[in-house]
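The values are calculated or read from the model by the stated rules, or taken from the named source; none is laboratory data. Here the structure is a predicted model, which means the values were calculated and not measured. Virtual Cβ from ideal backbone geometry, glycine too; neighbours counted across all protein chains shown.
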Amino acid sequence: MTALNKYDRLESPGLWRATADAQRQDVVLSFGNATLVVSDKAGRALTHWSLPAIERINPGERPALFAPDTEQSETLEVADDTMIDALETVRKTILKRRPQPGRLRFAIFGGSIVFIGWLGLFWLPGALVAHANTVVPEVKRDQIGRDLTRHLTRITGRACSTALGDRALRRIAVRLGLPGDLRVVRATLPDTIGLPGGDILINARVVEDHEDPDVLAGYLLAEQARIAAEPALEQMLAYAGPLTSFRLLTQGEVPEATLTGYAEHLLAQTPALPDSTALLTRFKEAGLRSTSFAYAVDPSGETTLDLIEADPFPAGSEKISLSDQDWVSLQGICGE
């Protein structure tokens, strides 16, 4: 990308705050592949911000204040005019260019969708949902996931966050190969909720009520298996009905009322366990035993007997899901 190449050697100082309650830290800013790299003075990367997701909190003011998402709990203060202009230019350029494949795809299929749309509304709702799930680009899925998170957190409150707890979440996400971010929420909700775009909300009790981090890993693997069987966007569109699918295909948006209703629906659900064979395969690929998770789901073991008897590592595994230090940090992410 021309705009990014123009600034690929640009660096500047900044002040980074990991959470709203954290102390500001002197950092060095540089550009990565569609990300802003925040490093300490020793050159170690502390975090990566997605350039299209960065928001300017105080437009027109100096020093500039940026946040990586709408929650604005993590912030970055930049005084260097060149870096401020670069951030604004690159961010806007990426936002302008990234949706083009989706727009082109919508344009290609637009005529056919208009022709078959009303037929699909009445006779082929399942096919319409499946088609929407196929053609909606990743950037739009990410946006729907962020919008849905905004509606969920209006009900649940903001996600818990500490510097060490957030680091532990990032590490287990990498350990299990999860595509999105993990957030722990102290509220009445299912053990996990998978969202379009790959983010997963976790009920705080999953990390607070168990002594083994493999339990948390099991819940995350189970959520992965559910999403593999039925993608999160497809689940939402199936709930919302064919009119929402038709509007997404023709206008590229999901109504706010639909997002509100679906958020309430998600919080009221108790998702069933995925197929035990598929779940055991994920435990085996991750190098983790399944027994701890099985007994966490059902202390009697009656309904999770397959996960116990067919545990891929019945004597234990040499691999761990999280270190003891990270697990302790994660258990305290919601504070007192």
Exercise. Here are some conditions: (1) free of Cβ contacts under 8 Å to residues at least 24 places away in the same chain; (2) closer than 20 Å to L279 by Cα; (3) in contact with a Phe, Trp or Tyr (Cβ under 9 Å, 6 or more places away or on another chain). T258 meets all but one. Which one does it not meet?
Worked result: (2)
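Here is a yes/no grid of residues against (1) of a type in the set (F, W, Y); (2) within 18 Å of L221 (Cα to Cα); (3) over 28 Å from the mean Cα position of the chain (by Cα); (4) assigned to a helix (DSSP H, G or I):
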position	(1), (2), (3), (4)
Y295	yes, yes, no, yes
S300	no, no, yes, no
T303	no, yes, yes, no
D311	no, yes, yes, no
Q325	no, no, no, yes
V328	no, no, no, yes
Seminar exercise, completed: For T93, the lone unmet condition from (1) surrounded by 13 or more Cβ atoms within 10 Å (Cβ to Cβ); (2) more than 28 Å from I144 (Cα to Cα) is (2)
Exercise. V139: among the β-branched types (V, I, T) and either touching a Leu at 6+ places or on another chain (Cβ under 6 Å) or surrounded by 20 or more Cβ atoms within 10 Å (Cβ to Cβ) (or both), yes or no?
Worked result: no
For this session: Name, by its number, the condition in (1) touching a residue at least 60 places away in the same chain (Cβ under 8 Å); (2) β-branched (V, I, T); (3) in contact with a Gly (Cβ under 9 Å, 6 or more places away or on another chain) that does not hold for I200.
Result: (1)
Seminar exercise, completed: Note on S292: of the conditions (1) surrounded by 15 or more Cβ atoms within 10 Å (Cβ to Cβ); (2) among the small types (G, A, S); (3) within 19 Å of E230 (Cα to Cα), unmet is (3)
For this session: Give the residues of segment 241-280 that are touching a Pro at 6+ places or on another chain (Cβ under 9 Å), assigned by TED's automatic domain parsing to the domain that holds L305 and surrounded by 20 or more Cβ atoms within 10 Å (Cβ to Cβ), sorted by residue number.
Result: L266
Seminar exercise, completed: Within segment 56-82, restricting to residues that are in contact with a Pro (Cβ under 8 Å, 6 or more places away or on another chain) and acidic (D, E), the one that is surrounded by the most Cβ atoms within 10 Å (Cβ to Cβ) is E74
Seminar exercise, completed: Of those in segment 247-265 that are hydroxyl-bearing (S, T, Y) and at pLDDT 90 or above, the residue farthest from N203 (Cα to Cα) is T258
For this session: Would you be able to say whether some residue in segment 181-194 is in contact (Cβ under 8 Å) with a residue 40 or more places away in the chain, of a type in the set (A, V, I, L, M, F, W, C) and either assigned to a helix (DSSP H, G or I) or in contact with a His (Cβ under 6 Å, 6 or more places away or on another chain) (or both)?
Result: no
Seminar exercise, completed: Of those in segment 121-141 that are part of a helix (DSSP H, G or I) and either closer than 23 Å to L51 by Cα or modelled with pLDDT of 90 or more (or both), the residue nearest to the chain's Cα centre (by Cα) is R141
Problem set entry | Pair list, Cβ under 6 Å, 6 or more apart: segment 235-255 residue more than 25 Å from P271 (Cα to Cα), other residue surrounded by 14 or more Cβ atoms within 10 Å (Cβ to Cβ) and modelled with pLDDT of 85 or more | L248/V254
Exercise. Which residues, taken from segment 19-35, are modelled with pLDDT under 85 and not acidic (D, E)?
Worked result: T19, A20, A22, F31, G32, N33, A34, T35
Exercise. Of these, I113, I144, which one is modelled with pLDDT of 75 or more, part of a helix (DSSP H, G or I) and of a type in the set (V, I, T)?
Worked result: I144
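Could you tell me which of the residues R158, R183 is basic (K, R) and modelled with pLDDT of 90 or more? It would help to see each step written out before you state the result.
Values: R158 fails: modelled with pLDDT of 90 or more.
None of the others qualify; the one that does is R183.
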Seminar exercise, completed: All conditions in (1) on the phi > 0 side of the Ramachandran plot; (2) in contact with a helix residue (DSSP H, G or I) (Cβ under 6 Å, 6 or more places away or on another chain) are true of G252 except (2)
For this session: Answer with yes or no whether N33 is among the polar types (S, T, N, Q) and over 25 Å from the mean Cα position of the chain (by Cα).
Result: no
For this session: Can you tell me which residue among A268, A294, A286, A222 is within 16 Å of P190 (Cα to Cα) and modelled with pLDDT of 90 or more?
Result: A222
For this session: Could you list all residues from segment 195-215 that are among the acidic types (D, E) and outside any loop (DSSP other than H, G, I, E, B)?
Result: E208, D214
